[in-house]
Every structure is written in structure tokens, then in C-alpha cells.
Amino acid sequence: MLLPSLRFTKPLLLLIILPLALLTPVAVPLTRAQENRIEIAPIHPSSIRDPDILLDREAQRLLSQGINQHDAGLHQAALQSFQAALEVFRQNGDRDDEAYALNSQGLVYYDLGQDQQAVKYFQQALAIYQSLDDSYYAGNVQTTLGQAYIFWDQPQQAIEYLQPALSNYRAIRYPEGEAFVSHHLGFAYNSLGQPQQAIEYYQQALPILQAERGVEALQTTLTVEVFEAATLANMAEALIAQNQTDLAINYFEQSAEVYKPIREQLSEPWFQQYSTEFIINTYHRCAEMLRQQNRPQEAQQVLDFIKEVE
């Protein structure tokens, strides 16, 4: 659901939260039953539209109505509102807002668990943004699709969308988007049993995140520091897969050091709870891997880090 402070704000593109920092490791979303939230994508300064260019009043009303209905869990009503808005945009030849309405429908179908329908609408929105040479919004839809395929445990298909998203963000010099996508590419490659490639993408994300400390990553309760802590933890897990235990423990320690001082700053209680739980679960997985490798002392070192975030 939309957070109260982030209700309908055209022309922002809606993204499914497949939470960055609530991850298992940090890129797999919560189940749909767990805070099945939608949030607004980051704004790139060059993407902000002329405020004097307004949507048709009725179409704007329908879009706002659809978002409020979706927020209230009235999915079928939201679909009807978005479809009615879509028809107005098509009648007016408004391709940009047509894509926005299509993407909104995709998000509703995703929440309904109708994955193929969701992909169908996301792909239609993507095709329009690509035809408009809108790298920012095309990148957002590609990222949404990539995250969804990660959720559906199809990392190879996720990569097929995340790679062009990364290219789009680089083309418009949008470093926060680069970090976001690089993180998820790292997760996808690690899921495919390719830890070295995963590490390379995590290494691309980390310098950007470290340079952006103190700045909100997605204009939500999710901060760069939490994202950085998650990336460090995922890096550690990839390093363990390569038997680089000492270096992995160092990254886990860095993750705990980044996360602990900012945990209480997270304004949403549900986010505090889930971020702590998922980071702790990541540490437990790391310790279990070490025990399986007959490294009990190193496993205990990792478990000790849990005390730093509890």
C-alpha cells in the first residue's frame, strides 16, 4: 500500500517494493501477505515534467481514485479506474500518461498474484517509454520487472531486465539507480551460483552508497545506510561461497557497524522490525554455512555480530 506521505503524485512511476534491505539475502521481497507495499520510484531531476502541463481533469481524478482504491485493497475497483484513465489517455494521444496507467495496472495485478497479467502490463508500459526515449522511466519499469523475476525465483530473466536498466541509469548519470540495480544484479548472479560476478556488482554499488550516506535512497523510510548494510551482508555471503572467510567476516562486521547506529532512525515500525529480522537471518545463514564447513569459531564470530543489531 502507498505510504500516507506518498499518495498520488503524478508523474512519478510506481514501483513494487521488493525491499532492498528486508531481504533474504537483501533482494528477495517479503511475501505478498507481509506488508505488500507499493512505493514511488526515485525522481531524477531531469525527469520532472513542466508543472504547467496538467493531465485531463477527469483522467487525473481517475488515476488518483485508482491509487486510493489500491491503497484500500480494492483491487478490482482500482483496475477499473486505471482502465478508464487509460482510455482517456489513448483518446488524447498522451503516450507518457498511457504508460503510467499501464504500469499502475501491472502493479495491481502483481498484488493480486496474477503474475502473467502483471508482466503483460509492465511490458506495454516499457515499450512506450522506450519509444519515447525516456531512459529514466524505462529503467524504472525494467527494474520493476527485474525485481519481480527475482521474487519469482527466475534470476536469469531478472538479469535480462536489470542489465538494460543499469545501462539506462548510467546513460542519464543517475548513480542512485545504478547502485539499486547493481545490488539486485549481484543478488541474481549469486542465485545462479556465480559469486564472483555477484561480488563485482556489489562492489559497483558500495562506493555510490557510501558517497550518498545521509541521503534517502528512494524517498521512503529506506535509507542509504540500510541499503549499504544489506549490500555488505550480501557481499559477505558471496565471499563465503568463494571460501574467503576472513574477508567475509570483515564485511559482516562492516554491515553491523553501518546498520546499528541508524536502526532507530527508521521512522516506520514495520520497517524497523523487518529490516532487523532479515539482517539477523542473513547472519544466521552465514554462521550455518561456516559450521557446515567445520569452522565453528568463525561461525561464532558471525553470531556475535547479531548482538550488535538486536
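The values are calculated or read from the model by the stated rules, or taken from the named source; none is laboratory data. Everything quoted here is computed from the prediction, not taken from an experiment. Using ideal geometry, Cβ is built from the backbone for each residue, glycine included, and neighbour counts are taken over all protein chains shown.
Summary of values
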| item | result |
| --- | --- |
| The stretch 101-134 - residue that is among the small types (G, A, S) and surrounded by fewer than 24 Cβ atoms within 10 Å (Cβ to Cβ) and, of those, modelled with the lowest pLDDT | G113 |
| Pick from the stretch 80-100, criterion touching a Gly at 6+ places or on another chain (Cβ under 8 Å) and touching a residue at least 24 places away in the same chain (Cβ under 8 Å), ranking: farthest from Q142 (Cα to Cα) | A85 |
| Qualifying residue in the stretch 85-100 (condition: touching an Asp or Glu at 6+ places or on another chain (Cβ under 6 Å) and surrounded by fewer than 16 Cβ atoms within 10 Å (Cβ to Cβ)) | yes |
| Residues being under 22 Å from A238 (Cα atoms) and either in contact with a strand residue (DSSP E or B) (Cβ under 6 Å, 6 or more places away or on another chain) or of a type in the set (A, V, I, L, M) (or both) - total across the stretch 151-196 | 9 |
| Residue within the stretch 157-166 that is within 30 Å of R90 (Cα to Cα) and among the aromatic types (F, W, Y) present | yes |
| Helices (runs of 4 or more DSSP H) wholly inside the stretch 66-133 that include at least 2 residues being farther than 26 Å from Y161 by Cα and not small (G, A, S) | 75-92 |
